[in-house]
1. Beyond 15 Å, what share of the Cα-Cα pairs of the range 126-222 is found? Please give it as a whole percent.
2. Provide, as a two-decimal number, the C-alpha radius of gyration of the range 92-148 over 2.2 N^0.38 Å, N being how many residues it has.
3. For the range 1-51 and the range 314-330, write down the distance between their C-alpha centroids in whole Å.
4. Please report the antiparallel percentage of DSSP beta bridges with both residues in the chain, rounded to the nearest 5.
5. Per residue of the range 223-234, what does 6.51 cos²θ - 1.76 cosθ + 1.60 with θ = phi - 60° give for ³J(HN,Hα)? Whole Hz please, x for Gly and Pro, Karplus curve as stated.
6. Mean-square fluctuation check for the chain, GNM, Cα pairs under 10 Å: which of 186, 324, 120 is largest?
7. Work through the residues other than residue 127 whose Cβ is under 13 Å from its Cβ and net out their charges, Lys, Arg +1 and Asp, Glu -1.
8. Determine the calculated [θ] at 222 nm for the chain from helices alone, applying -39500 (n - 2.57) to every DSSP H run no shorter than 4 residues and normalising by the residue count; nearest 500 deg cm²/dmol.
Amino acid sequence: MKRFRILVLHDGKPGHLSQSLGLARMIESRCLRCECEIVVVKAVPRIKLLNRLARRLVMSPTPFLRSLVFSLYRIEKRAIEMIDLVVSFGGNVVALNIAFSKQLEIPNALIGNSYSIPEHAIRAHLSLNGELGGGNAIATSVVLCRIDQVRCQRAGQELQDQGRPLWTLLVGGDGSGYDYHDADWHRLGAGIRALSEQYGIQWLISSSRRTGAAATKILQRYMDDDVCRAAIWYEDGHSEPLDAFLGAASRIFCTEDSLSMVSEAVAMDKPVVSLRPTETLPTSTHGKAINYMAKIQLLERVDINAMAQYRSNFTAPKKSYSAHLDDIFYRIVALGAVTEMLPQSSDRIASKSAAMPI
């Protein structure tokens, strides 16, 4: 069986890695005629101020000047033999993405801003609404992430078999235009207890680095064994994978401040409720992504103030998260970033991709 190797470049930022790895895993799961291998490489600019110079050098017609781009990065490893596709997200590695693509003469996929890199240097350019790029544009409609539904469901099986229905809550903190105060955390804690009593469920709760010790202590005041089945408190030094919590829950709640957390919840194809504090003014890109996912019914938006009175208005979306990924994949195939990987005829691939937003 043919081997298809995908090089995932990232700068160490979790959100950037999550989206790039999510794209690679999406391709891997849909490549039916080959065996995929994903090579993850961390690359950090030696001097960030030289990023603009790197982007100019990589577009030079002179091979020697293009090769200088590699010297401007600290590259974790160079397992780049026989790579078939390079993918990345984030301005810090845009130039390196293009450099590998040109050096190895392979297609590339770029998520987000191209930072003035010409369209012809990018085979597939992914953005939320397809507003970036031209003929190479792909509208993702969802935020990509690394979640594997099957793995999560398997991990959550043991928790599901222990009694009452389970809901999961992923808790973030200040960031991306969301500011939390003690009153917000108290209302969230009260909402947790109220919904547990009303719906006869128990919670699986995970906090994050941004939640903070003070907020964690407030939330823990509302917890007991009857309300909370299990918890991962970041302040206790726990950083366990969330696979089991995502897989075991029949409904997932998530604070809106982290697109990574929201996308991981949505990727499970379950009812998702996003929670926002009183003081909310999300950044443009962040707010656009949240609003769009709500518009296409991948999530419900609820104020933390109203959580205790929550009544489900969930309506199954016309297109699931997985179906959105299918559309992205067909468009990538049509652009030639991935070839000869599907059992369908090329005519079917072309017709399906033609119907997608560009």
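1. On the way: 3405 of 4656 pairs.
Tail of P(r) above 15 Å: 73 percent of Cα pairs.
2. On the way: Rg = 11.5 Å, N = 57, 2.2 N^0.38 = 10.2 Å.
Normalised Rg, Cα atoms only: 1.13.
3. 22 Å
4. Within the chain, antiparallel bridges account for around 10 percent of the total.
5. Those phi angles translate into 9, 8, 5, 6, 8, 10, 6, 7, 9, 10, 9, 4 Hz.
6. Comparing 186, 324, 120 in the GNM, the peak value goes to 120.
7. 0
8. Working: 12 runs with 132 residues, N = 358.
So the calculated ellipticity at 222 nm is -11000 deg cm²/dmol.
The numbers here are math on the coordinates, done by the rules we state, and not lab data. Just so you know, these numbers come straight off a predicted model, no measurement behind them. Methodologically, a virtual Cβ is constructed for each residue, glycine included, from the backbone with ideal geometry; neighbour enumeration extends over all protein chains shown.
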